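Novice: Okay, handing you the structure first.
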Amino acid sequence: MKNFSDRSFCSGLFVWIEKHQLLLAGSRVLLAVSGGLDSMVMLDFFRRFGQKKYALDFGVAHIDHGLRTESAADALWLNDHCQALAIPFWQIRLAVADVHQTSAQSSLEAVARELRYAWLFSLAREEGFDALATAHTASDQAEGLLMRWVRGAVQGLGGMSPVQERQGLRLIRPLLDTPRAALEAYVEHYQLSWREDSSNAELDFFRNRIRAQVLPLLRAENPRLEQQWCEHALIWQEEQQFLEQLTESAALTVLSTEPEGLRVLLRSFEGLGPALQRRVLKRALTQVCGDWKIFTSRHLEALLQLARAETGKSLNLPRGILARKEKLSILICHLNSDT
């Protein structure tokens, strides 16, 4: 990025932070810092403005996942960096690979993420922090949205939110509106030191292939791709929240919990549009099973067909769930229930 302007860079962050009320005066923020370029820019921003502009205290938390030979050296380097700046520092080494061997999760990245956030939130609560800040960028948002799109995970197209309430803390993402190219220019301008994660170059990982091979082609067609996707993701999130409110209201009149299972009352159900019907059925399956992830859009379409089928027809669903068409309803229950 040519002609870097620190004033423009910082003013953009100030506007984003103010718009979403990310940094509350007098609060205590724990920064999740890997030592990579993105998180070191976030750390430098807090060093410059955390106390001066926002009157807040902050500390740094670092996780060594134990997956790279250089990870211990990265942790030591970051510890020395924070000590030199008199910034409180916490670190932990996690046996991610060992946990992954016995985990139901197929993805090593997913296991690492679960362990990472579990420790970060636990530490933040123990040390009296109000918020946890991560260094996710607009580029991370674009990568994640594209990955979900390729995998067909339409429900995830809202991406990450600027702020979330989670486990009694605020999870904030102050860099989420900023593309990685701007952070690279910041680092070059201020000659900041940072550590490169060697695994970022490994094309065995889906995200790395998206980052290295796909996004550059899309960015050539639209240089503002990341910012625009981030803007659209926020709009999507707001619209999803509105649809969720409609679903909640519809579910009150359509779904009836009874001893034998959950009933979808067809008279009310048929008055809904197809989009809302799908959302209500998704809620019904989640309520009966406790987990939506095992179902797909094909199961929803099969249930919609069952609603139009003749009385007595039934549908077998994953985890021993049965849906049966009755005269005025669809009964969704476990196969071993007394129906």
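Novice: Tell me the residue from R283, R267 that is among the charged types (D, E, K, R) and closer than 22 Å to V154 by Cβ, please.
Specialist: R283
Novice: Any idea how many residues of segment 319-338 are in contact with a Cys (Cβ under 8 Å, 6 or more places away or on another chain) and farther than 26 Å from G271 by Cβ?
Specialist: Here the count works out to 1.
Novice: Another one. Going by the conditions given, is L218 over 26 Å from S107 (Cα atoms), within 20 Å of the chain's Cα centre (by Cα) and assigned by TED's automatic domain parsing to the domain that holds E114?
Specialist: Judged against the criteria, L218 is not a match.
Novice: If a residue has to be more than 19 Å from G320 (Cβ to Cβ) and in contact with a strand residue (DSSP E or B) (Cβ under 6 Å, 6 or more places away or on another chain) to count, how many in segment 258-306 make the cut?
Specialist: Residues that pass the stated criteria total 2.
Novice: Are there any pairs with C-beta distances below 9 angstrom linking a residue in segment 1-21 that is closer than 11 Å to Y186 by Cα to a residue that is surrounded by fewer than 15 Cβ atoms within 10 Å (Cβ to Cβ) and of a type in the set (K, R), with the two at least 6 apart or on different chains, and if so which?
Specialist: C10/R48
Novice: OK, next. Is it the case, given these coordinates, that S193 is assigned to a loop (DSSP other than H, G, I, E, B), under 29 Å from V163 (Cα atoms), assigned by TED's automatic domain parsing to the domain that holds D140 and not basic (K, R)?
Specialist: Here the answer is yes, as S193 does meet what is asked.
The values are calculated or read from the model by the stated rules, or taken from the named source; none is laboratory data. On a predicted model such as this, the values are computed, not experimentally measured, just so you know. Cβ atoms come from the backbone with ideal geometry, glycine included; neighbour counts cover every protein chain shown.
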